[in-house]
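Enquirer: The structure under discussion is supplied below as structure tokens; questions concerning it will follow.
The values are calculated or read from the model by the stated rules, or taken from the named source; none is laboratory data. In this text the structure is predicted, and so the values were computed from the model without any measurement. Methodologically, a virtual Cβ is constructed for each residue, glycine included, from the backbone with ideal geometry; neighbour enumeration extends over all protein chains shown. The accessibility values were calculated without ligands, DNA or RNA, using every heavy atom of the protein model including side chains. Shrake-Rupley method; radii C 1.70, N 1.55, O 1.52, S 1.80 Å.
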Amino acid sequence: MPPRLPTPSARELAAACDRTLEDVIGPGLRVLFCGINPGLMSAHTGYHFARPGNRFWPALHAAGFTPRRFAPVEQAELLGLGLGVTNVAARASARADELSREELVEGGRLLAAKVAEHRPAWLAVLGVTAYRVAFAEPRAQVGPQQRTLGGTRIWALPSPSGLNAHWTPAALAAEFARLRAAAPAPPAPRG
């Protein structure tokens, strides 16, 4: 069983507001997953998608991206699977709706620069509303997008936040699986 993170106090969570989180990123990724922004639990712990109710880690495993369900503290292991994690907006907040439109637009610009530098095969934006704002695509729907960033294709995924009740865990995992089918793992090296 992966290690569990200790539960922070309300004061510790409040102190994490406006902190930033390090990306899990490198060259040649199959998929760079991009959250909207870090939540307070993630900013407090230093791990992406750290709130226990967040469905990112379960969906990633259920879709077949990981061999088992990883815990947030194991996020560095994603790189060995050709996966990475970043955010549209860098600063932490209690809820994504606390971000301004300007922060999302600027985040989209900075995200495009990260993609140009690291050139993942796919950018998966976890939150279609944030994608619409950050990339001025007001009619975007969940799924593959027409827009590309250089050679990087884009897939808009639903937000895995527990606050996104429109998507059940099974439906969320199914959408992640659609992306996984489009971004298969590279063949294993011959030994």
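Enquirer: Would you mind checking which residues have amide H under 5 Å from H48's amide H? H placed 1.01 Å from N; only 5 or more apart, or other chain.
Expert: Distant-sequence amide H within range of H48: zero hits.
Enquirer: Next question. Please compute the modelled spin-label separation between L81 and E106, points set 7 Å along Cα→Cβ, answer in nm with one decimal.
Expert: Going from the E106 label point to the L81 one covers 3.3 nm.
Enquirer: When ligands, DNA and RNA are left out and all protein chains stay put, how many square angstrom of accessible area per residue does the stretch 57-123 have with a 1.4 Å probe?
Expert: Accessible surface, normalised per residue, equals 46 Å².
Enquirer: For the stretch 12-75 and the stretch 115-184, write down the distance between their C-alpha centroids in whole Å.
Expert: 15 Å
Enquirer: Using a simple spin-label model with points 7 Å from Cα along the Cα→Cβ vector, what separation in nm is obtained for R11 and R68?
Expert: Simple spin-label model gives 3.7 nm for this pair.
Enquirer: A181 versus T148, label points 7 Å from Cα toward the beta carbon: distance in nm?
Expert: 2.2 nm
Enquirer: Which value at 222 nm does the chain reach when only helices count, each DSSP H run of 4 or more adding -39,500 (n - 2.57), with the total divided by all residues and rounded to the nearest 500 deg cm²/dmol?
Expert: -9000 deg cm²/dmol
Enquirer: Here's a follow-up. Taking N as the number of residues in the stretch 95-182, what value does Rg over Cα atoms divided by 2.2 N^0.38 Å take?
Expert: 1.07
Enquirer: When the Karplus curve 6.51 cos²θ - 1.76 cosθ + 1.60 is applied with θ = phi - 60°, which whole-Hz ³J(HN,Hα) does each residue of the stretch 83-100 get, with x for Gly and Pro?
Expert: In residue order, the calculated couplings are 10, x, 9, 8, 9, 5, 9, 7, 7, 6, 8, 5, 9, 5, 6, 7, 7, 7 Hz.
Enquirer: Heavy atoms of the protein only, probe of 1.4 Å, neighbouring chains included. What is the accessible area of D97 in Å², nearest 10?
Expert: Counting only protein heavy atoms, the figure is 110 Å².
Enquirer: Starting with the highest mean, order 106-114, 36-44 by the number of other Cβ atoms within 10 Å, averaged over the residues of each peptide.
Expert: Ranking the peptides 106-114, 36-44 by packing returns 36-44, 106-114.
Enquirer: Using every alpha carbon pair in the stretch 1-140, what percent of pairs falls into each 10 Å bin from 0 up to the bin containing the largest distance?
Expert: Distribution as computed: 12, 42, 36, 9, 0 percent.
Enquirer: Which net charge results when you count Lys and Arg as +1 and Asp and Glu as -1 among the other residues whose beta-carbon is under 13 Å from that of A140?
Expert: Result for the local shell: +2.
Enquirer: Taking K and R as +1 and D and E as -1, what net charge do the other residues with C-beta under 13 Å from the C-beta of L79 add up to?
Expert: Residues near L79 contribute -3 overall.
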